[in-house]
Amino acid sequence: MDLKNEILRTETGKQLSEYQLNLLSKHGIETFCEFYEEDEDKLKELLAIKIETLRQLKSEMALLTNPFNEEPIPDINYGTGLEELDKLLVSVEQQFKPGRVWEICGQTGVGKTQLMYTLILNFAWKHDLQALFIDLKRDFSSKRITDMLAARKTDSDTCERVLKAIRVAEASTSRELIDLLKNFYQQLAAENGDAQRTKLVVIDSLPACFYAFRGKKMTMLRKSLLTELACSIRKLSVHGIAFVVGNVSFFQKEEETVNDDGEDDDGRSQEAPSKRQLEPMLGDYWSSVCTLRLSLEMPMESNDEEGSDRTNRTTSQDDGIRLVNVITNTYGPVGETCLLQITEAGVV
């Protein structure tokens, strides 16, 4: 089915004129992936619609798209196993369900990997399903999972079952990651049993295979690879696979007017920010891929200066408390927060 017909299957798309739809094809936007990955500001200006309308259209199309022509994705709430986080997700209409694509952002050492370990452990513990952990940093530790289970006083049979349910694959480059996901898709299409039982993919951590693409000279190649990666993720997500993707955040300097790939965001950043802002890597181009973007941060203390870099606290000062902030959300509001704590048993 071509892009025009897919758009017209949605309630929001039916409000667009024939002229607006033809503009997409005229500008070389002819497939769902090309539409989904195109710059949002460009699409907003091209179609002459509000950004909220555009995002609503994307979400409706994602729910309709089904590459396997099967039954719609079941409306199952997996739950994260973290009470406060689940409450937050309900409030922003972004429960942990099949087909959701989450991104967990944060500075190095804040606890992103521990949170992702906890999410995949809780998923394997609670459900009779498999999960795939794609290790881009090449430092996955089964002992870390075992220690978390031991801290929960889990019996040996349960421990063995959980470890067996978590499959691990390594990738050191963006091409290896893309090929790995394409192979997973092919296994699903071939009705491979293990692939069909795998309902969650955790990727830790995406910038690890994109660091070499920083700067203007590598921008086009990086965008091409990110587009291919995003399409692979989207194809799997519309088949019911949930994703949790790790990303790295950094504090933007006051004098910076460009994003992390060396571009000026097509003129959108005309003035320097008044204070340092915590920004996820991979730039604006990647920001619309996930249905939910969460920022994991150190809570701001009363005596902290606003916008200060809070990563220099000593270990003795770190009580494990972390702030989770909703910074991008396809299905609901942003800006909501909750507190979690890092423990030996995982994040709680």
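Data for the structure
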{"item": "³J(HN,Hα) computed for each position of the range 184-189 - Karplus, 6.51 cos²θ - 1.76 cosθ + 1.60, integer Hz, glycine/proline x", "result": "4, 4, 5, 5, 5, 4"}
{"item": "Amide hydrogen neighbours beyond the local backbone of Ile241, cut-off 5 Å, H modeled", "result": "Gly99"}
{"item": "Accessible area of Phe32 in the full protein assembly, 1.4 Å probe (Å², nearest 10)", "result": "20 Å²"}
{"item": "Computed accessible area, Val168, all protein chains, 1.4 angstrom probe, square angstrom", "result": "70 Å²"}
{"item": "Rg/Rh ratio calculated on Cα atoms of the range 76-219 (Kirkwood radius)", "result": "0.98"}
{"item": "Geometric extent, Cα atoms of the range 111-183 - Rg, Dmax (angstrom)", "result": "13.0, 40"}
{"item": "Accessible surface ranking that places the most exposed of Arg234, Arg197 first, with a 1.4 angstrom probe", "result": "Arg197, Arg234"}
{"item": "Interchain or long-range residues, amide H under 5 Å from Gln130's placed H", "result": "Thr198, Lys199"}
{"item": "With DNA, RNA and ligands ignored, accessible area of Glu34 (1.4 Å probe; Å², nearest 10)", "result": "80 Å²"}
{"item": "Overall Cα dimensions of the range 70-115, principal axis frame, Å, largest first", "result": "41, 23, 17"}
{"item": "Within straight-line cross-link reach of Lys14, lysines at Cα separation under 21 Å, skipping those fewer than 8 residues along the same chain", "result": "Lys4, Lys26, Lys42, Lys44, Lys50, Lys58"}
{"item": "Unsatisfied cross-links (Cα-Cα over 29 Å) in the set Lys182/Lys223; Lys87/Lys137; Lys199/Lys223", "result": "Lys87/Lys137"}
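The values are calculated or read from the model by the stated rules, or taken from the named source; none is laboratory data. Remember, predicted model here, so these are calculated numbers, not experimental data. All accessible areas refer to the heavy atoms of the entire protein, side chains included, with ligands and DNA or RNA removed. Shrake-Rupley method; radii C 1.70, N 1.55, O 1.52, S 1.80 Å.
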